[in-house]
2 protein chains.
Amino acid sequence: MNASHHGDDSRSYHHGDLRKTLLETCCTHIANQGTEGLSLRALAREAGVSPTAPYRHFDSRHALLAALATEGFDELGASMGAISAADPVPAVFECALAYVRYAEANPVKYHLMFGDVIGDFSRHEELITAARQCYGHLARILAAGVASGDLRQDDPDELGGTVWAVVHGLAGLVITARAKAAQAPMEDLLEVPPLRAQQAVAAAPERAVLRMLEGLVADPACLAGLQQRWRKV
Amino acid sequence: MNASHHGDDSRSYHHGDLRKTLLETCCTHIANQGTEGLSLRALAREAGVSPTAPYRHFDSRHALLAALATEGFDELGASMGAISAADPVPAVFECALAYVRYAEANPVKYHLMFGDVIGDFSRHEELITAARQCYGHLARILAAGVASGDLRQDDPDELGGTVWAVVHGLAGLVITARAKAAQAPMEDLLEVPPLRAQQAVAAAPERAVLRMLEGLVADPACLAGLQQRWRKV
DNA sequence: GCAGGTATGTTTGCAGTGTCAACATCCTTG
DNA sequence: CAAGGATGTTGACACTGCAAACATACCTGC
């Protein structure tokens, strides 16, 4: 595609847009074979390029994965950042759901972001800042909720920890459940199978999130609206 | 040690107990260098044995990790199995704490159990059954709670999903926080840093667990005892 | 428009790895 | 005490990440 810039026979010395191709190929490769057998050489091969070409775009194998994860944090951060903190309780709900849904829609990137594939976060500055920004959105909303009195008067960071933990755990369950349901190739890169529990959660993540919210909210009454909406799936 | 079975000069052809040595060396190696640079050859070297000797004990590199994880599930399962379901609400509390504490005390094994290091769970039958038994204990307690009316009348599996998720997420936070606090070498095999939130949770996982319980329990009053006990750390 | 610089891709090479097959050594059990 | 299985060793192959040194194509200033 777009090899018109040099009139030759479709095979050009330069690939055209290798960086992007690598990122995408990497994604599909992980989705298919898992993160295990991933090799820059294989990626290069798949892109029809010499074995060490990728090193012109990524300092190391890790750097490629880190770039993918950073992309993910930016995307997730964007959708969380779009949530207004004006109405804190629904905002927390939306925030948590955004997280779970992102994981569901982008299992590979999610896996890179929150799994342990990328060993040393501290070696990728951009990754860290992206991750912090992401959590910052949740923190902002929680702080608003505590300030407005809608959430219980607790240390916002402690609340943040709880929410983060729940949501992170939920996402894991949902992903595995989805992957299994689809008999998909992702099945082998994820966590332990808590049997039907994960299917239950996956079927209605909103309800699980709501159950968590009940522990955070100052007055359970303010959940009535959300509860009614997600009553019976 | 115990090389007395052959009277020679302390160096024997046979190692004596390589399997165990490998498992242990593997653990410390992961704790130090992370799961990344782990190689059977290095392990063999460290055990003073030929590069391919480990294959007499483990079919593949993965099999070694799987064995370690299985060990972990057995241990965690044992402590969860010891919890009586007679008094369901405190039992859930204990169960959740047992999980978090196991993770805290055995970060490496926990990492193998719930991280994505072991690609294909389905290739290690024993691993799967161990994991299922583990979740079974939680399920048993939750079922008792629902039956006795102490927990809200929900699908036990859905409750299980929530608990599992929370507890799993909490454990992750606690581990990273601990690792960082200690400036420990574990720092590079774990998840994203949600800033001070994880420290807050790590400082008092009991409170986070309690907060979750509030969402599960039928009558908040039955938490009074636990709440008082963990009031202010 | 073209000389030179820079981004991109290639070739070559090294050290290290997982895994297999054939062989050596020891322990155990009859 | 000899046969046989368990354990450890040697050697080999294909593959990987990564680092130079080199080649090619695009781009920019003149």
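The values are calculated or read from the model by the stated rules, or taken from the named source; none is laboratory data. As the structure is a computational prediction, the values presented were derived from the model and not from experiment. When we count neighbours, we look across all protein chains shown, and the Cβ atoms used for this are built from the backbone with ideal geometry, even at glycine. Accessible surface is based on the protein model in full, side chains and every heavy atom, while ligands, DNA and RNA are left aside. Shrake-Rupley method; radii C 1.70, N 1.55, O 1.52, S 1.80 Å.
Placing a pseudo-label 7 Å from each Cα along the Cα-to-Cβ vector at residue A:33 and residue A:12 gives an inter-label distance of 2.8 nm. Each other residue within a Cβ distance under 11 Å of residue A:206 adds +1 if Lys or Arg and -1 if Asp or Glu, for a net charge of +4. The HN-Hα couplings worked out from phi for the stretch B:149-158 by the Karplus form 6.51 cos²θ - 1.76 cosθ + 1.60 (θ = phi - 60°) are x, 6, 9, 4, 7, 10, 4, x, 5, 5 Hz, whole numbers, x standing for Gly and Pro.
Each other copy holds its own label point for residue A:42; taking that point as 7 Å from Cα along Cα to Cβ, the gaps run 2.1 nm, nearest first. Heavy-atom accessible surface of residue A:111, to the nearest 10 Å², is about 10 Å², with a 1.4 Å probe and all protein chains retained. A simple spin-label model places pseudo-atoms 7 Å from Cα toward Cβ; at residue A:129 and residue B:219 they are separated by 5.5 nm. Placing a label point 7 Å from the Cα of residue A:225 along the Cα-to-Cβ direction, the distances to the matching points in the other copies come to 3.9 nm, shortest first. Please say if the stretch A:127-173 is rounded, prolate or oblate, where rounded means a/c under 1.5 for a ≥ b ≥ c the square roots of the C-alpha gyration tensor eigenvalues, and otherwise the choice is prolate for a/b larger than b/c and oblate otherwise? Judged from the Cα gyration tensor, the stretch A:127-173 comes out oblate (a/c at least 1.5, b/c at or above a/b). Counting Cβ atoms of other protein chains within 10 Å of each Cβ in A:112-118 and taking the mean gives 6. Per-residue SASA remark: residue B:157, around 20 Å² accessible (1.4 Å probe; ligands, DNA and RNA not included).
Distances between placed amide hydrogens fall under 5 Å for residue B:151 paired with B:146, B:218, all partners being 5 or more residues away or on another chain. Computed with every protein chain present, the accessible area of residue A:219 is close to 80 Å² [probe 1.4 Å]. Buried surface for the A/B pair, taken as the accessible area of each chain alone minus that of the pair with a 1.4 Å probe, is close to 4400 Å² in total. Each other copy holds its own label point for residue A:61; taking that point as 7 Å from Cα along Cα to Cβ, the gaps run 0.7 nm, nearest first. Approximating the spin labels as points 7 Å out from Cα along Cα→Cβ, the residue B:120-to-residue A:153 distance works out to 5.7 nm.
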